[in-house]
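First up is the structure itself, then whatever we jot down about it.
The values are calculated or read from the model by the stated rules, or taken from the named source; none is laboratory data. Given the structure is predicted, the values throughout are model-derived calculations rather than measurements. We place every Cβ from the backbone using ideal geometry, glycine too, and count neighbours over all the protein chains shown. Heavy atoms of the whole protein, side chains included, go into the accessibility calculation; ligands, DNA and RNA do not. Shrake-Rupley method; radii C 1.70, N 1.55, O 1.52, S 1.80 Å.
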Amino acid sequence: MQDITEHLVELIKSASTDLPPDIEQALKEAHQAEDDGSVAQGALQTILENVQMSRETGRPICQDTGTPIFYVWYPEGGSQRKMREQIQAAVRTATERTYLRPNAVEALSGKNSGDNMGVDFPTIHFEEWDQDALKIGLMLKGGGCENVGAQYSIPSPEFPASRDIQGVRKAVLDAAFKAQGLGCAPGILGVGIGGDRATSMIKAKEQLFRPLGDSNPDPELDAMEKQLHREINTLGVGPMGFGGKTTVFCVKMAQLHRLPASFFVSIAYMCWADRRKTMTIKNDAVAIDAPQA
Amino acid sequence: MFSRDPAGERSTEDTNDMATKLTVPISEEQIRALKVGDQVLLSGIIYTGRDAAHKYMIENFIKGDCPDSEKALYEELKQGLAGSVIYHCGPVVRKRDDGKYEFVAAGPTTSIREEPYQADVIEHFGLRAVIGKGGMRDKTLTGCKEHGAVYLHAIGGAATLIADTCEEVVDVFKLDFGVPEAFWKIRVKDFPCVVTMDSHGESLHAKVQAESEGKLKKLLAG
């Protein structure tokens, strides 16, 4: 297996410093939609300038470079152990080059490891697939938006909601309201329906890889994604919670099988700085891409 | 590719036209003149401080008797923070070849975690403002009113742009807290923020929350 550490450093740099075009386009549309001279429009203006500066100077869009979450799809015969070592080496190098902030803090002592190495840090998901290319997705998920994620077990005495699409809608609206601007709105909501507490949230986060403009193959979920997008924006929370028209760019949902006893709705909130990129390596050809519809 | 227009050049000028310029040390009178929604360009020497820093200040300086080992930093902060600002920020920092540090990326972090501490820190050190994101609640709002301070909202995620307003990293304290959590003493020029909690008891966050709650209830009833 070839050493792809340097390519991985480039993937990290690209994710941290070069915002994907679908998100940037959505930011521009949001900027146009807000009232001229409003605080909301001013916030989007600053964001758009910052995106441009980060790209031009190769510096992190946001200082909170988040949890590096890697998804690796590898051909038969690939070594997870070697890939893990190379990913860890790339994360260390990227931290030295200030593409990443040292972000791994031991939970109880508060001690920062200094090089982004820690228990399950960075996070890596592996999956073997039937293609002969190696594909690695990377998402940098910051703490502010992670903190406003939510998980509902429905129904409960505290949250009476039906075990159907309307119950899911209620949970998502509640989570979006409670987040206010704290997740660095305008955000993107990934929703996992069903599963157990862990798989449900993993599924929710995976939705954040989807391009903004795609459609859900499930017609019921597709309709609810669009409905929730409209409804959440009527809340008026707006960019940064300053009040305004764009609170979320989209809602992306997926369902999993669940136990008869359980019905989880998990909501992963991604900030406007939706830093996710994919690298594909086939033979010697390396391509780094943003999600495309 | 994003081109500088229509968004780019115009607004920097617009912001400069509309914004109030504040330079540290800031007077109470200047603070009392600010209202929610005002845009501010801040200049002068300020300090970053977030979770570990606030816990440390409360335990060592405000509730505790300052241990001898911490007296030098206490004097530094006592002088430096009077009329100045704490910025809730965990920067990305680069050490240059000449040994000096520089900010690479330095946007705000979520402020609400400092809610239990902030009003006491404002009072004890005579802060005129805190900068962060997401806003704070009643205890801080009351502290701002009583002691003549404001909450300034920086744009979350605008880390490169804000780092460029940092002209100099003057010093760093408590680097053993880790790079994000240390006190970074910085000189900024025209750092852009918005007043979202003023010294008259007004909070944009409380207003947006209340209005959005009404809309949520309608959606759930419909």
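Answer yes or no: is there a residue in the range B:167-185 that is open to solvent by 10 Å² or more (accessible area, probe 1.4 Å), within 11 Å of chain A (Cβ to nearest Cβ) and within 13 Å of the chain's Cα centre (by Cα).
Checking the range B:167-185: not a single residue is open to solvent by 10 Å² or more (accessible area, probe 1.4 Å), within 11 Å of chain A (Cβ to nearest Cβ) and within 13 Å of the chain's Cα centre (by Cα).
Being at negative phi and facing another protein chain (nearest Cβ under 7 Å): is that true of A:L44 here?
In short, no.
Working only within the range B:156-188, note down all residues that are out of contact with any Gly (no Cβ under 7 Å at 6 or more places or on another chain), free of Cβ contacts under 8 Å to residues at least 60 places away in the same chain and assigned to a loop (DSSP other than H, G, I, E, B).
If the condition is that a residue be out of contact with any Gly (no Cβ under 7 Å at 6 or more places or on another chain), free of Cβ contacts under 8 Å to residues at least 60 places away in the same chain and assigned to a loop (DSSP other than H, G, I, E, B), then B:D164, B:T165 are the ones that fit.
Answer yes or no: is there a residue in the range B:44-62 that is within 14 Å of chain A (Cβ to nearest Cβ), in contact with a strand residue (DSSP E or B) (Cβ under 7 Å, 6 or more places away or on another chain) and in contact (Cβ under 8 Å) with a residue 12 or more places away in the chain.
yes
Where residues in the range A:49-62 are facing chain B (nearest Cβ under 7 Å) and part of a helix (DSSP H, G or I), which of them is surrounded by the fewest Cβ atoms within 10 Å (Cβ to Cβ)?
A:T57
Which pairs do you get when a residue that is part of a loop (DSSP other than H, G, I, E, B), found in the range A:85-106, comes within reach of a residue that is acidic (D, E) and surrounded by fewer than 21 Cβ atoms within 10 Å (Cβ to Cβ), reach meaning Cβ atoms under 8 angstrom, with the pair 6+ apart or on two chains?
Close Cβ pairs satisfying both conditions: A:P102/A:D115; A:A104/A:D115.
Residues are listed down the side, and each one gets a yes or a no for (1) under 30 Å from A:L19 (Cβ atoms); (2) of a type outside the set (V, I, T):
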{"residue": "A:S156", "(1), (2)": "no, yes"}
{"residue": "A:S162", "(1), (2)": "no, yes"}
{"residue": "A:V168", "(1), (2)": "yes, no"}
{"residue": "A:A175", "(1), (2)": "yes, yes"}
{"residue": "A:Q180", "(1), (2)": "yes, yes"}
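Condition first: within 11 Å of chain B (Cβ to nearest Cβ) and in contact with a strand residue (DSSP E or B) (Cβ under 9 Å, 6 or more places away or on another chain). Now tell me which residues in the range A:153-170 satisfy that.
A:A161, A:K170, listed by residue number.
Can you pull out every residue in the range A:136-152 that is open to solvent by 50 Å² or more (accessible area, probe 1.4 Å) and within 12 Å of chain B (Cβ to nearest Cβ)?
Hits for the range A:136-152 are A:E146, A:N147.
I want to confirm something. Restricting to the range B:86-107 and keeping residues that are in a strand (DSSP E or B) and of a type in the set (K, R), which single residue is least open to solvent (accessible area, probe 1.4 Å)?
Among residues in the range B:86-107 that are in a strand (DSSP E or B) and of a type in the set (K, R), the one least open to solvent (accessible area, probe 1.4 Å) is B:R94.
What's the number of the only condition in (1) buried (at least 22 other Cβ atoms within 10 Å of the Cβ); (2) more than 14 Å from chain B (Cβ to nearest Cβ) that A:K226 fails to meet?
Unmet condition: (1).
Which residues, taken from the range A:1-13, are at pLDDT 95 or above and open to solvent by 10 Å² or more (accessible area, probe 1.4 Å)?
Across the range A:1-13, the qualifying residues are A:T5, A:E6, A:H7, A:E10, A:K13.
Identify, by number, the condition in (1) out of contact with any helix residue (DSSP H, G or I) (no Cβ under 7 Å at 6 or more places or on another chain); (2) surrounded by 22 or more Cβ atoms within 10 Å (Cβ to Cβ); (3) under 25 Å from B:I112 (Cα atoms) that A:S200 doesn't meet.
Result: A:S200 fails condition (3) only.
Can you give me the ranges of the strands (runs of 3 or more DSSP E) entirely in the range A:119-198 with at least 2 residues that are among the acidic types (D, E)?
Result: A:123-128.
Select from the range B:189-203 the residues that are farther than 21 Å from B:P25 by Cα and either open to solvent by 40 Å² or more (accessible area, probe 1.4 Å) or not in a loop (DSSP other than H, G, I, E, B) (or both) and write down the one among them that is nearest to the other protein chains (Cβ to nearest Cβ).
B:S203
I need the full set of residues from the range B:169-200 which are acidic (D, E) and under 15 Å from B:T23 (Cβ atoms), in order please.
B:D190
Select from the range A:14-48 the residues that are open to solvent by 20 Å² or more (accessible area, probe 1.4 Å) and not in a helix (DSSP H, G or I) and list them in ascending order.
Within the range A:14-48, A:D18, A:D35, A:D36, A:G37, A:S38 meet the criteria.
I'd like to verify a number: residues in the range B:121-155 that are open to solvent by 10 Å² or more (accessible area, probe 1.4 Å) and assigned to a strand (DSSP E or B), how many?
1
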